[in-house]
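First up is the structure itself, then whatever we jot down about it.
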Amino acid sequence: MSRLQARELTLAYEDRTVVEELDLAIPDGRVTVIVGPNACGKSTTLRALGRLLRPAGGAVLLDGEELAKLPTKRIARSIGLLPQTPVAPEAITVADLVSRGRQPHQAWWKQWSEEDERAVTDAMERTDVAALADRSVDALSGGQRQRVWIAMALAQETDLLLLDEPTTYLDISHQVEVLDLVRRLNRLRGRTVVLVLHDLNQAARYADHLVAMKAGRVVAEGPPEEIVTAELVRDVFGLSSVVVPDPVTGSPLVVPGAPWGAEEPVRS
Amino acid sequence: MTTVNVRPAGHGLVRAGRGSFLVHRRSALVAGGLLLLLAAACVAYLCVGEKSVAPGEVLRILLGEPSPSAFVVEELREPRLVVALAVGAAFGIAGGLIQTVARNPLASPDIIGISQGAGAVTVAAMTFGLTSYTVLPYVSIAGGILAAALVYAFAWRGGLHATRFVLIGIGIAIALRSLITLFMTKGDYLVAQQAQIWMTGSLNGRGWDESAPIRWTLLLLLPAVLWAARAQRTVSLDDDTATALGVRLGAVRLGLVAVGVVLASVATGVAGPVDFVALLAPQIARRMTRTAQIPLLCSALTGAVIVVVADLLGRRLFSPVELPVGVLTAAVGAPYLIWLIVRSRAVGGKT
Ligand SMILES: Nc1ncnc2c1ncn2[C@@H]1O[C@H](COP(=O)(O)OP(=O)(O)OP(=O)(O)O)[C@@H](O)[C@H]1O
Ligand SMILES: [Mg+2]
């Protein structure tokens with residue numbers, strides 16, 4: 001079952017078409033990871049799934065209804081989205097920014113509730129930013145800032161969560177922490193998650209459903225162990241590699257083949 | 001009504017019936033301080049003049065006791081004080097809203113063409129013989145709104161891009177300014193002089209009748225301003241994030257700009273474009289409250305303090321010659337504007 005679907009989705013900026021006739025069904029209660037080379041249209045697709053970009057053709061459906069026809073606030077109670085490069089207002093504090101994730105659940109006369117309090121506290125603790133609550137977002141490191149944004153998206157408490165490269169800027173332990181967090185949200189709370197990731201091995205490890213894109217098209221999709229092969233990596237990224245089972249999880253592990261300079265003898 | 005401590009640091013929660021409202025504590029304190037300052041400035045405004053009246057006497061007159069100075073205080077100074085208050089508050093709010101939407105501390109009604117629009121139409125009307133201060137406000141309101149609509153239409157391309165909005169505003173402001181110059185040189189000498197004084201921003205000769213449009217506008221727009229104070233929060237995030245949080249950006253921005261433009265146009269209509277108040281007040285207020293968005297109430301109070309104090313100084317500094325209030329605000333505002341630009345260069349022009 002898929003609450004969120006793209007049907008013959010065509011996406012364009014001005015008159016430059018980036019994604020053409022894309023069909024995609026996001027499986028409910030699963031972690032879907034989108035991979036692909038730079039500029040292949042991953043962010044563009046994610047933005048369209050989260051109604052940030054109006055389709056030039058086709059439609060995105062949420063529970064069978066066209067996204068473009070739903071009130072944006074209602075969508076915001078179902079779909080949370082973290083853009084690739086969000087910008088915080090100058091001088092905003094961490095707690096203030098995270099609590100803005102509650103926006104879709106609030107009204108002019110209901111600016112704060114116990115529910116808001118709980119969701120914000122919870123989101124900040126899960127992302128390990130509670131200790132930064134009073135700090136200004138401007139004055140954080142890239143990784144801390146990234147976790148604050150993730151906290152904001154979590155505070156929104158939506159069934160569907162779309163995250164665009166949530167692990168950039170993070171050190172390896174925080175990368176794993178964020179991905180584990182995403183997986184826990186998915187396993188324990190049944191959240192549907194869509195991630196854009198660049199690290200193929202992380203993608204293969206955390207995805208239930210992997211979508212490989214190239215030049216605005218889906219090249220392959222399915223469980224990582226079925227689709228991640230040396231051919232796919234060559235086809236999508238133009239990289240020769242060896243795919244072996246991950247020693248820890250058994251998921252496919254992509255090891256780039258032919259190290260630098262190995263294919264041709266050193267000229268003297 | 002109870003208050004509880006909650007998460008967003010520095011905020012208090014006020015519950016009233018089923019509603020719950022977040023109050024930024026520091027902003028509340030700053031607003032209190034500004035109110036006291038404003039009250040003091042108002043008393044001083046009523047005391048000082050050609051004929052000095054003691055503060056105690058002023059307070060007694062305000063409470064309705066008869067006094068020989070009652071005429072000077074109530075008939076001469078009070079109406080003009082009310083104009084100063086209303087115009088300052090209106091510019092403070094308008095500047096805050098326009099800066100929020102433009103995401104730029106340099107944007108304000110007198111920079112993006114609203115004041116010039118009001119000015120061009122007003123000066124044109126003056127050259128055609130319309131000189132009544134009770135009619136002119138309506139003419140200039142129309143001009144301001146027209147100019148803003150023009151800026152909005154040109155800046156709109158499937159969405160409102162903040163930088164384009166400011167740049168087009170500046171362009172239109174320049175075009176309109178040359179139109180003003182044209183009308184002034186075409187008109188006869190007396191008209192040009194009156195227009196010149198109006199263009200600097202002056203409260204001279206403004207009484208109850210002249211201030212009626214601005215008083216009514218402030219009153220009628222109060223609900224909209226209350227809405228705006230909250231809506232501002234959401235548009236201060238970037239477009240994608242705000243939309244993802246369920247904000248109807250296009251509509252909210254249009255609403256905020258509309259409120260700002262109406263307030264700025266009406267204030268300009270009443271007092272002329274009192275330069276820099278709309279630019280200064282929101283930034284000063286925000287530096288005091290240290291909030292992530294411009295605090296509208298504090299911005300309104302700051303604007304009122306600036307105009308009241310500037311007009312007080314303008315009346316007395318070189319008496320018996322009176323300086324238009326706009327001259328004083330410009331004298332303070334211009335250096336501040338330069339400082340803002342220099343400073344924003346230093347941090348990499350972040351907007
Ligand atoms: N706002 C925009 N206006 C115009 N073109 C855009 C815009 N955003 C992206 N593009 C173009 O659309 C194409 C796809 O961009 P997109 O951001 O979806 O790539 P991506 O797969 O997310 O890449 P990356 O891995 O670098 O994030 C690129 O060619 C890009 O230049
Ligand atoms: Mg991207």
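Values quoted throughout were computed directly from the atomic coordinates according to the rules given, and no laboratory measurement underlies them. This structure is a prediction, so every number in the text was calculated from the model and none was measured. Cβ coordinates were reconstructed from backbone atoms using ideal geometry, including for glycine residues, and neighbour counts include every protein chain displayed.
Shown is the FRET efficiency for B:V23 and A:V255, computed with R0 = 51 Å from the Cβ-Cβ distance and rounded to the nearest 0.05: 0.35.
Quick one: work out the % antiparallel among DSSP beta bridges in chain A, nearest 5.
Working: 26 of 43 bridges.
So the antiparallel bridges amount to about 60 percent of the total.
Distance from the C-alpha centroid of region B:245-269 to that of region A:197-216: 43 Å, rounded to the whole angstrom. Only Cα sites of region B:28-350 enter the Debye sum here, all with the same form factor; the resulting log10 I(q)/I(0) across q = 0.07 1/Å is -0.27, listed in q order. Once Lys and Arg get +1 and Asp and Glu get -1 on their Cβ, which of B:P66, B:L312, B:F165 lies farthest toward the positive end of the dipole of chain B? Selected residue: B:F165.
Considering only the Cα atoms of region A:4-229, their convex hull presents on average a projected area of 12.6 nm².
Measuring between their Cα centroids, region A:47-124 and region B:176-213 lie 48 Å from each other.
What's the FRET efficiency of A:E66 with A:R16 using the Cβ-Cβ distance as r and R₀ = 22 Å, to the nearest 0.05? Please report the intermediate quantities before stating the final value.
On the way: r = 24 Å, r/R0 = 1.08.
That pair, A:E66 with A:R16, gives E of 0.40.
In the protein assembly as shown, the calculated helix contribution to ellipticity at 222 nm averages -17000 deg cm²/dmol per residue, counting -39,500 (n - 2.57) for every DSSP H run with n ≥ 4.
Counted over region B:291-335 with a bin width of 10 Å, the fraction of Cα pairs per bin, in whole percents, is 27, 42, 23, 7, 1.
Computed from backbone phi, the HN-Hα couplings of region B:189-205 come to 4, 4, 4, 4, 5, 4, 5, 4, 5, 4, 5, 7, x, 9, 9, 4, x Hz, rounded to whole numbers (Karplus: 6.51 cos²θ - 1.76 cosθ + 1.60, θ = phi - 60°; Gly and Pro given as x). The eigenvalues of the Cα gyration tensor, multiplied by 5 and square-rooted, give the protein assembly as shown an equivalent ellipsoid with semi-axes of 56, 27, 20 Å from largest to smallest.
In summary, the lysines within cross-link reach of A:K214, defined as a Cα separation below 19 angstrom excluding same-chain residues under 8 places away, comprise A:K42.
Distance between the 7 Å Cα→Cβ label points at B:R15 and B:L36: 3.1 nm. Which longest run of chain B has no exposed loop site in it, a site being trypsin sites (Lys or Arg not before Pro) in a DSSP loop with at most 16 other beta carbons within 10 Å, and the site itself not part of the run? Here the longest segment lacking exposed loop sites spans B:52-156.
For A:L11, the amide hydrogen comes within under 5 Å of the amide hydrogens of A:V18, A:V19, A:E20, A:E21, A:A56, counting only partners 5 or more places away or on other chains and with H modelled in the peptide plane.
Amide H to amide H, with H built 1.01 Å from N, A:L162 comes under 5 Å of A:G80, A:L81, A:L82, A:V194, counting only residues 5 or more places away or on other chains.
Backbone geometry of region B:222-230 corresponds, through the Karplus equation with coefficients 6.51, -1.76 and 1.60 at θ = phi - 60°, to 3J(HN,Hα) couplings of 3, x, 5, 5, 4, 4, 4, 4, 7 Hz, x marking Gly and Pro. Of B:V262, B:V247, B:V308, the residue with the greatest mean-square motion in the GNM of chain B, using alpha carbon springs below 10 Å, is B:V247. Between the amide H of A:Q111 and those of B:S20, B:F21, B:L22, distances stay under 5 Å, these residues lying 5 or more places away or on another chain, with hydrogens modeled in the peptide plane.
Between B:T131 and A:R135, the simple label model (points 7 Å from Cα in the Cβ direction) yields a spacing of 6.6 nm.
Karplus-based coupling profile of region B:153-168, in residue order and whole Hz: 5, 6, 7, 7, 9, x, x, 9, 8, 4, 5, 4, 4, 5, 5, 5, with θ = phi - 60° in 6.51 cos²θ - 1.76 cosθ + 1.60 and x standing for Gly or Pro. Could you run the Debye sum over the Cα atoms of region B:257-303, one equal point scatterer each and no solvent, and tell me log10 of I(q)/I(0) at q = 0.14, 0.28, 0.31 Å⁻¹, two decimals? Results for region B:257-303 at q = 0.14, 0.28, 0.31 Å⁻¹ read -0.35, -1.04, -1.12.
To check you understand DSSP bridge types, tell me what percent of the beta bridges within the protein assembly as shown (both residues inside) are antiparallel, rounded to 5. If you can, show how the numbers build up before the last one.
Details: 36 of 54 bridges.
Antiparallel bridges make up about 65 percent of those DSSP assigns within the protein assembly as shown.
Top mean-square fluctuation among B:S108, B:S140, B:S132, Gaussian network model of chain B, C-alpha springs under 10 Å? Comparing B:S108, B:S140, B:S132 in the GNM, the peak value goes to B:S132.
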